[in-house]
Amino acid sequence: MKNDITRTHTTARMSKIVRHGDLVYLCGQTSSGTDFTDMAGQAAETLRRVDALLEEAGTDKSRLLSALIHIRSMDDFTAMNAVWDAWLPPGAAPARTTVQAALASPQLLFEVTVVAAAG
Amino acid sequence: MKNDITRTHTTARMSKIVRHGDLVYLCGQTSSGTDFTDMAGQAAETLRRVDALLEEAGTDKSRLLSALIHIRSMDDFTAMNAVWDAWLPPGAAPARTTVQAALASPQLLFEVTVVAAAG
Amino acid sequence: MKNDITRTHTTARMSKIVRHGDLVYLCGQTSSGTDFTDMAGQAAETLRRVDALLEEAGTDKSRLLSALIHIRSMDDFTAMNAVWDAWLPPGAAPARTTVQAALASPQLLFEVTVVAAAG
């Protein structure tokens, strides 16, 4: 097997971080779903997790290339954007897509899947 | 900060175009939602926007690698495909995925997220 | 036109395989929708199709980088995971995101969109 793919936090189901070439892929990140029941809290908790994984991968949120956001309800679109916009470094926003979808458990309101440039 | 990522039309929320290495990422593209209320019109308007952004990024629709399409209702699947198929250059279709999802505003029927090879 | 993109099974609508640089993109894969009416059967049939396309592209499931899974109902999440987990080679799981979405036809329960490293 070639040794050009680096995976971190790998289970039988998924890796939280996959690095290949100059790209870093994170698995879909959500909050715990229990610490916060509102979008503001869940989005902030989730983005802290993204920060931690990006740091572990040797990169950071200033190097995001794309973000696919799923939210449980578009009623939370404005609340989500407020957290998201404040989180991003000025001038470094990725290409983003946001759609509505039910997530893995009913209490989850926000999930983000990012691809970043390696550090 | 490394200078290997080029972003265009960047706000606090997202960039319309992100280029890194030999890949170009566009943010999810929709129609205005007001000029057209049917799928045929919205899909065509959206794809004109994709064309313009790809051109601005120095590439074009013959170099699409992947497309993720979200449509508000699968009732519009056939109408969407008619516009999509006619838009693509012969022999240059990307890998595509189409699923149903509610989009950022209720009047939006079609959104496409593409990754293209740089020109 | 540059000759750096290789497409396979290309129709007016999509290519099943697109290769560019060291990345392989597959179009969203589903089962036939008719051979199996349950998640276990549909997921297994779909993943056999993924295997065949990856092989045709000169790579395999040990080189998956990301997977975006859409399932018609989160009621099938556990059944889907059982098939998925058994299918992946140990230590080689990709970054994964799973959300609920209606697919192109009502009988389809599972769709997966993967990006893999070239072989």
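Taken together, the values in this text are just the output of simple stated rules run on the coordinates, not laboratory data. What you are looking at is a predicted structure, and each value in this text was computed from that prediction instead of being measured. Heads up, the Cβs are rebuilt from the backbone with ideal geometry, glycines too, and the neighbour counts pull from every protein chain shown.
Highest GNM mean-square fluctuation among A:T98, A:T11, A:T78, for chain A modelled with Cα contacts below 10 Å: A:T11.
Tell me the Kirkwood hydrodynamic radius of segment C:5-117 in angstroms, computed as one over the mean inverse distance between distinct C-alpha pairs. Display every interim value, and only then the final one.
Numbers: mean 1/r = 0.0704 Å⁻¹.
One over the average 1/r among Cα pairs gives 14.2 Å for segment C:5-117.
Among A:L23, A:L64, A:L53, the residue with the largest mean-square fluctuation in a Gaussian network model of chain A, with springs joining Cα atoms closer than 10 Å, is A:L23. Relative to the dominant Cα principal axis of chain B, helix B:39-56 is inclined by about 10°.
Extension gain for C:D75 to C:D4 (0.36 nm times residue separation, less C-alpha to C-alpha distance): 21.3 nm.
From its DSSP helices (H runs of at least four residues, each -39,500 (n - 2.57)), the protein assembly as shown gives a residue-normalised ellipticity at 222 nm of -8000 deg cm²/dmol. Looking only at segment A:87-119, which residues have a backbone nitrogen under 15 Å from a spot 7 Å from the Cα of A:D51 in the C-beta direction? Inside the label zone: A:87-90. Here the Karplus relation 6.51 cos²θ - 1.76 cosθ + 1.60, evaluated at θ = phi - 60°, turns the backbone of segment C:71-82 into coupling constants of 10, 5, 9, 5, 4, 9, 4, 5, 5, 5, 4, 4 Hz, with x for every Gly and Pro. What is the distance in Å between the Cα centres of segment A:1-46 and segment B:1-56? Centre-to-centre distance over Cα atoms comes out at 25 Å. By DSSP, the beta bridges lying fully in segment A:5-117 are antiparallel in about 75 percent of cases.
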